[in-house]
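As structure tokens, the structure follows; a few thoughts come after it.
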Amino acid sequence: AFTGLASSASTLRVGANDRSPDIAATINTVAVRDASGNLVANVFTGTATAAQYADLAENYLADTKLEAGTVVIFGGDKEVSMTRLHEDNRVAGVVSENPAYLMNSAQEGEYVTPIALQGRTKVKVKGMIKKGAMLVTSSHEGFACMTSSPKIGTVIGKSLEDKTTPGEGLIEVVVGRV
């Protein structure tokens, strides 16, 4: 059994088989990092113990290019569109900037957009917001606002921070949690 640090090797014996190191994702090789430090693999099976980002997102086709934090609904010409109605029960989620996990990653189309469905993400809001408040779609296009008694099916998530100014802003929210 090998214990220690290997600084140079042309092959590695795994069981009874010799494996060659390769930065390409090819069969019967040992994956190594490229010059940028990236590890390439076609399919990786393992257990993640940490994630750099904090939301679960899924790709949808949007009507137009949307920026991170934009609140979207199911509807429009494609699958999702910016919200324009207060407490819209068609709410789909929020455009994610860097999802921890992205579903439907093979989605193709002109405006493929990752929508945060669960977890922490930044959300565009209008008005003053209290930490812990429930957020719903706003009549201000693409924004959320606070409410104390939302209608069923209209909640985006709960605020994780206070916003003490009446105008527009970007705050962290737990989406999909009520």
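The values are calculated or read from the model by the stated rules, or taken from the named source; none is laboratory data. Bear in mind the structure is a predicted one, so any value in this text is a computation, not a measurement. Using ideal geometry, Cβ is built from the backbone for each residue, glycine included, and neighbour counts are taken over all protein chains shown. Keep in mind that these areas ignore ligands, DNA and RNA; they rest on the heavy atoms of the full protein, side chains included. Shrake-Rupley method; radii C 1.70, N 1.55, O 1.52, S 1.80 Å.
Among the residues of the range 128-146, which ones are surrounded by fewer than 18 Cβ atoms within 10 Å (Cβ to Cβ) and either on the phi > 0 side of the Ramachandran plot or among the polar types (S, T, N, Q) (or both)?
If the condition is that a residue be surrounded by fewer than 18 Cβ atoms within 10 Å (Cβ to Cβ) and either on the phi > 0 side of the Ramachandran plot or among the polar types (S, T, N, Q) (or both), then Gly132, Ser139 are the ones that fit.
Does the range 68-105 hold any residues that are open to solvent by less than 90 Å² (accessible area, probe 1.4 Å) and touching a residue at least 60 places away in the same chain (Cβ under 8 Å), and which are they?
Across the range 68-105, the qualifying residues are Gly69, Thr70, Val71, Val72, Ile73, Met82, Thr83, Glu87, Asp88, Val91, Gly93, Val94.
Among the numbered criteria (1) surrounded by fewer than 15 Cβ atoms within 10 Å (Cβ to Cβ); (2) modelled with pLDDT of 95 or more; (3) within 18 Å of Leu56 (Cβ to Cβ), which single criterion is violated by Thr164?
Of the numbered conditions (1) surrounded by fewer than 15 Cβ atoms within 10 Å (Cβ to Cβ); (2) modelled with pLDDT of 95 or more; (3) within 18 Å of Leu56 (Cβ to Cβ), the odd one out for Thr164 is (3).
Looking at the range 72-136, what strands (runs of 3 or more DSSP E) fall wholly within it and have at least 1 residues that are among the charged types (D, E, K, R) and either closer than 17 Å to Ala62 by Cβ or under 18 Å from the mean Cα position of the chain (by Cα) (or both)? Talk me through it step by step, then tell me what you get.
Numbers: elements: 80-82, 91-95, 101-103, 112-126.
The qualifying strands (runs of 3 or more DSSP E) are 112-126.
Quick check: is even one residue across the range 28-38 in a strand (DSSP E or B) and modelled with pLDDT of 75 or more?
no
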